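The values are calculated or read from the model by the stated rules, or taken from the named source; none is laboratory data. All of these numbers come straight from a predicted model, not from anything done at the bench. Every residue, glycine as well, gets a Cβ built from its backbone with ideal geometry; the counts of neighbours run over all protein chains shown. Heads up: the accessible areas ignore ligands, DNA and RNA and are worked out on the full protein's heavy atoms, side chains in. Shrake-Rupley method; radii C 1.70, N 1.55, O 1.52, S 1.80 Å.
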Amino acid sequence: MTTKIVIIDDHQLFREGIKRILDFEKSFEVVAEGDDGREAIALVEESNPDVVLMDINMPEVNGIEATANLVKSFPNVKVIILSIHDDESYVTHALKTGATGYLLKEMDSDELIEAVKVVADGGSYIHRKVTHKLVEEYRRLANQQNQGSGYQQPEVQRPLHLLTRRECEVLQLLADGKSNRNIGETLFISEKTVKNHVSSILQKMSANDRTQAVVTAIKNGWVEVR
């Protein structure tokens, strides 16, 4: 099936670059483009997309406000925020607003395509650099809470009661900030197989997305923080 996409970004050259990348994927179709969040509702209503790529910083209506309006009017449309900000507060705010993806504009083409596919399939996707920052923030908070007793990561015990050995390997690589493609190359398996493993991990861990799975794994001592 074709995934229909709308791009909202006030930089024309960036929009054109994103569109060229997406046009290489046969299952994608860019059905509309806009340069400000104020256009989002009208464009989505006209083109009925599956995924909206939304810039976070725009002159009149920013991406956060536009996403909130969009999700309220079209709850089935998935929004991926495009941002230059890797700060944890931006990510949290975007996800609370209703976005199901957060990509940094320094992403490569493979990560863009992977994110659109994951989100279109009903999953969540956060740029691996941002995931690493969220993990670092978790470690910082844990360290503060345990300063009196000298915080150390618990001894790593793989959750073989819950996951297969291969899924444990994939979970560790997720914690390392690897993309599906990187995981596939490391384990010599296809991206499709990696995606199946990730879906299984999320289901077994009752996690909504990769970041939640990684934070849970660190908290329980199931992965090495390296």
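Express the accessible area of segment 74-121 per residue in Å², computed with a 1.4 Å probe while the remaining protein chains stay in the model.
42 Å²
For every helix of n ≥ 4 consecutive DSSP H residues, a contribution of -39,500 (n - 2.57) applies; sum these over the chain, divide by its total residues, and give [θ] at 222 nm rounded to the nearest 500 deg cm²/dmol.
-15500 deg cm²/dmol
Starting from the amide H of Tyr102, placed 1.01 Å from N in the peptide plane, find each other amide H under 5 Å away whose residue is 5 or more places distant or on another chain.
Ile81, Tyr125, Ile126, His127
Which of the residue pairs Lys26/Lys219; Lys4/Lys219; Lys178/Lys204 have a Cα-Cα distance greater than 31 Å in the structure shown?
With Cα atoms farther than 31 Å apart: Lys26/Lys219; Lys4/Lys219.
Let me spell out the model: positive unit charges on the Cβ of Lys and Arg, negative unit charges on the Cβ of Asp and Glu, origin at the Cα centre of the chain. What dipole size does that give, in debye rounded to 20?
Around 1140 debye, computed over the chain.
Can you give me the relative contact order of the chain as a percent, contacts being Cα pairs under 8 Å and 6 or more apart?
In percent, rounded to a whole number, it is 14.
Rank His93, Val30, Met58 by how far each Cα sits towards the positive end of the charge dipole of the chain (+1 on Lys, Arg Cβ; -1 on Asp, Glu Cβ) and give me just the farthest.
Comparing the listed Cα positions along the dipole, His93 ranks first.
Report the trypsin sites (Lys or Arg not before Pro) located in segment 1-38 that are in a DSSP loop and have at most 10 other Cβ atoms inside 10 Å of their Cβ, or state none.
Here the sparse-neighbourhood loop sites are Lys26.
Tell me the carbon and sulfur percent of the accessible area for the chain, rounded to whole percent, probe radius 1.4 Å.
Its accessible area is 46 percent carbon and sulfur atoms.
Who wins for biggest fluctuation among Thr97, Thr67, Thr211 in a Gaussian network model of the chain, springs between alpha carbons below 10 Å?
Thr97
Using only Cα atoms, locate the centre of segment 5-66 and the centre of segment 105-120, then give the distance between them in Å, rounded to an integer.
14 Å
For Ser109 and Ile41, calculate 0.36 nm times their separation in residues minus their Cα-Cα distance, and state this gained length in nm to one decimal.
Result: 21.8 nm gained on full extension.
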